[in-house]
Amino acid sequence: MISQLIWALLLHQVAYAAPTAADLSRIVNGTDASINDYPFMVSLRGSTGRHSCGGSILNENWILTAAHCVNYYTTPLLQSVQVGRTNVSSEIDESVYWIDDVIIHPFYDSSKSNIFDVALLKLKKSLVFGDTIKRVQLPKDKYQELDESDLAVTLIGWGRNATEGVAHTTLQKVNYFVVPNEKCNNLHDNHIYPNLICAGIPEGGKGQCNGDSGGPLLHKGVQVGIVSWSKKPCTIAPYPGVLTKVSYIIDFINENAYV
């Protein structure tokens, strides 16, 4: 009930607030960010070396991303990740690590709202941790839910600034809110299962787009979501972005990435 009241209040405020110049300039992917603030963030690269999806560092050998970014047939096209960089590029240098193996969640289903949209990437060479390369924080408890009085979250990534827009080379961040699953389910045509989490703002214009897939949604520095899908055009109101809820797949991570 509290979460529904919060979302209703936001809708009320939006209906009567005229957009400012700052609002209009803060499009899909928000503002510039630094890898120093998000040292667990990585860029997944295709065979050309260009950015394709986001991901996060679990430990020295494993990366967390979305299953739809990879599969057993296209894995050879996803050859490497770039770590420790605010600005990504197609160059090959010490920031590039090659992928050795991919594990996709056994219950991933693209026909059912992309449920369990999560994959683990094993690196051929172990990462060397430092100021710009660190592991991400994950929820400690399975099925952990957010406090409905504190739904503020941050999304980071190198995705496009609009559906047909340009892909960023500088890491971006955007601050917005988790949308309760019941509310999100009422807005979307596809069913929102308990293992999903939604985020957005009622007026749209902020959030995930092409190229942000697989990247982390953060709540107080803890990764609570993995970017999965959204209604197009990107960030169209009033549809929140949809992500995999990390607390629901924490056993899959622990059983495969920490052995």
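Below, the figures for the structure above:
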quantity	calculated
Residue list for the range 88-127, restricted to those being without any contact (Cβ under 8 Å) to a residue 12 or more places away in the chain and either over 26 Å from Val242 (Cα atoms) or in contact with a Lys or Arg (Cβ under 7 Å, 6 or more places away or on another chain) (or both)	Asp93, Glu94
Filtered residues of the range 105-151 (kept if touching a helix residue (DSSP H, G or I) at 6+ places or on another chain (Cβ under 8 Å) and among the acidic types (Asp, Glu))	Asp117, Asp141, Glu145, Glu148
Unique residue being farther than 16 Å from Ile226 by Cβ and touching a Pro at 6+ places or on another chain (Cβ under 6 Å) when the list is Thr169, Thr132, Thr86	Thr132
Qualifying positions in the range 83-109 - assigned to a loop (DSSP other than H, G, I, E, B) and aliphatic (A, V, I, L, M)	Val88, Ile92
Subset of the range 134-153 [aliphatic (A, V, I, L, M) and in a loop (DSSP other than H, G, I, E, B)]	Val136, Leu138, Leu146, Leu151
Matching entry among Ser113, Ser52, Ser126 (being in a loop (DSSP other than H, G, I, E, B) and either modelled with pLDDT under 95 or of a type in the set (A, V, I, L, M) (or both))	Ser113
Count - residues of the range 193-207 that are over 21 Å from Ser149 (Cα atoms) and modelled with pLDDT of 95 or more	1
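Residue-by-condition table, conditions (1) at pLDDT below 85; (2) open to solvent by 80 Å² or more (accessible area, probe 1.4 Å); (3) in a loop (DSSP other than H, G, I, E, B):
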{"site": "Ser3", "(1), (2), (3)": "yes, no, no"}
{"site": "Leu10", "(1), (2), (3)": "yes, no, no"}
{"site": "Leu24", "(1), (2), (3)": "yes, yes, no"}
{"site": "Ile27", "(1), (2), (3)": "yes, no, yes"}
{"site": "Tyr38", "(1), (2), (3)": "no, no, yes"}
{"site": "Ser47", "(1), (2), (3)": "yes, no, yes"}
{"site": "Glu60", "(1), (2), (3)": "no, no, yes"}
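The values are calculated or read from the model by the stated rules, or taken from the named source; none is laboratory data. Everything quoted here is computed from the prediction, not taken from an experiment. Glycine gets a Cβ as well: all are built from the backbone with ideal geometry, and neighbour counts include every protein chain shown. Remember, those area values only see protein heavy atoms, side chains included, never the ligands or the DNA or RNA. Shrake-Rupley method; radii C 1.70, N 1.55, O 1.52, S 1.80 Å.
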